[in-house]
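Notes to accompany the following structure.
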Amino acid sequence: TATTEIYTQAFVGSVRCVQETGINAEYMGIKSMSREDNVYFAKLAEQAERYDDMVKHMKDIVAANAELSNEDRNLLSVAYKNWIGSRRTAWRAIAAIEQKEEAKGSKYLELLRKYKTKIEDEVEKISNDINDLLDKYLIPKATTPESEVFYMKMKGDYGRYYAECVTGDKNQAAGKKANEAYKKATEKAASLPATNSLRLGLALNYSVFFYEIMNSPKEACKMAKAAFDGAIGDLEGLDDEQYKESASIMQLLRDNLTLWTADEAEEEAPKDKEDVKDLQARINQFLQTNQYLSLIHI
């Protein structure tokens with residue numbers, strides 16, 4: 001069968017020496033796999049929602065020391081995003097429970113905080129893991145603006161994820177590193193079209209960083225608005241696939257702007273409130289003339 005053939009082929013694949021790369025290729029009793037086999041099993045692990053396995057296969061691909069294709073980069077992103085995603089969700093749930101337990105003076109508060117710390121350590125471990133790959137293998141081998149932006153954006157994202165979970169000096173250090181990575185990615189992204197989905201996604205995540213980590217809603221709104229305005233006039237020139245990708249991110253930018261500017265309007269002077277209303281009116285007019293955006297389910 002096709003599955004048997006894949007398993008057979010896997011035995012004759014090869015990756016760099018474990019001692020040389022520091023990345024473990026031995027898995028499922030198979031000491032080495034070809035790039036093709038690792039891609040197959042990474043996709044298989046994704047379908048099975050076994051993201052730790054997916055990460056292992058993607059790390060083996062990185063160990064081959066070749067520049068990743070666009071598909072490889074997306075698989076790597078999916079693997080790590082889902083691997084860390086369950087921890088981020090768990091941390092938020094525990095943090096919410098902690099507030100309630102603290103309010104009523106619960107006897108379990110100390111145990112709860114130890115458990116939250118355990119989750120924070122897992123988030124840190126995953127963040128360090130991907131950053132090691134980025135710094136040692138991926139960023140140095142990036143040869144195109146798209147790959148450079150992609151990797152620097154990832155570096156910023158995982159700094160942000162860790163900063164979400166910690167306070168004090170750790171929060172400041174993680175936030176500083178994330179900001180530096182996002183800033184470098186933004187500088188590189190200036191060479192990409194304003195409608196490029198990677199550039200838009202970077203602006204989306206960087207603006208969220210300013211809003212949630214840096215507590216700077218004005219800077220977040222400024223960045224999101226600039227990205228939205230820069231792309232709004234050129235979407236119609238894209239092909240269907242590019243249009244869908246960029247439009248979906250613009251919907252998220254729109255949603256954030258609507259939320260953030262509504263919050264800002266409560267505190268701003270009347271003139272600024274009119275500016276907010278004008279922005280929201282422009283967004284709504286754009287959506288009415290580009291109905292695809294209104295149909296996207298995020």
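The values are calculated or read from the model by the stated rules, or taken from the named source; none is laboratory data. Worth saying up front: this structure is predicted, and the values here are computed from it rather than measured. FYI the Cβ positions are ideal-geometry reconstructions off the backbone, even for glycines, and counts take in every protein chain you see. Ligands, DNA and RNA are excluded from the accessible area calculation, which covers all protein heavy atoms including side chains. Shrake-Rupley method; radii C 1.70, N 1.55, O 1.52, S 1.80 Å.
Key figures for this structure:
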read-out	value
Test: residue in segment 243-265 that is modelled with pLDDT under 80, open to solvent by 30 Å² or more (accessible area, probe 1.4 Å) and assigned to a helix (DSSP H, G or I)	yes
Residues satisfying the stated conditions in segment 171-212, i.e. among the β-branched types (Val, Ile, Thr) and under 15 Å from Leu252 (Cα atoms)	Thr195, Val208
Any hit, segment 210-229, residues being of a type in the set (Ser, Thr, Tyr) and open to solvent by less than 20 Å² (accessible area, probe 1.4 Å)	no
Long-range neighbours under 9 Å by Cβ, at least six apart or interchain, first residue open to solvent by less than 100 Å² (accessible area, probe 1.4 Å) within segment 102-116, second assigned to a loop (DSSP other than H, G, I, E, B)	Leu112/Ser106
Test: Ala48 is within 22 Å of the chain's Cα centre (by Cα), open to solvent by less than 30 Å² (accessible area, probe 1.4 Å), more than 23 Å from Val149 (Cα to Cα) and modelled with pLDDT of 95 or more	no
Set Ala64, Ala95, Ala79: member being of a type in the set (A, V, I, L, M, F, W, C) and surrounded by fewer than 17 Cβ atoms within 10 Å (Cβ to Cβ)	Ala95
Test: residue in segment 41-54 that is assigned to a helix (DSSP H, G or I), among the aromatic types (Phe, Trp, Tyr), under 13 Å from Ile130 (Cβ atoms) and in contact (Cβ under 8 Å) with a residue 60 or more places away in the chain	no
The one condition in (1) part of a helix (DSSP H, G or I); (2) at pLDDT below 85 that Ile298 fails to fulfil	(1)
Residues (among the aromatic types (Phe, Trp, Tyr) and under 17 Å from Met223 (Cα atoms)) located in segment 156-189	Tyr182
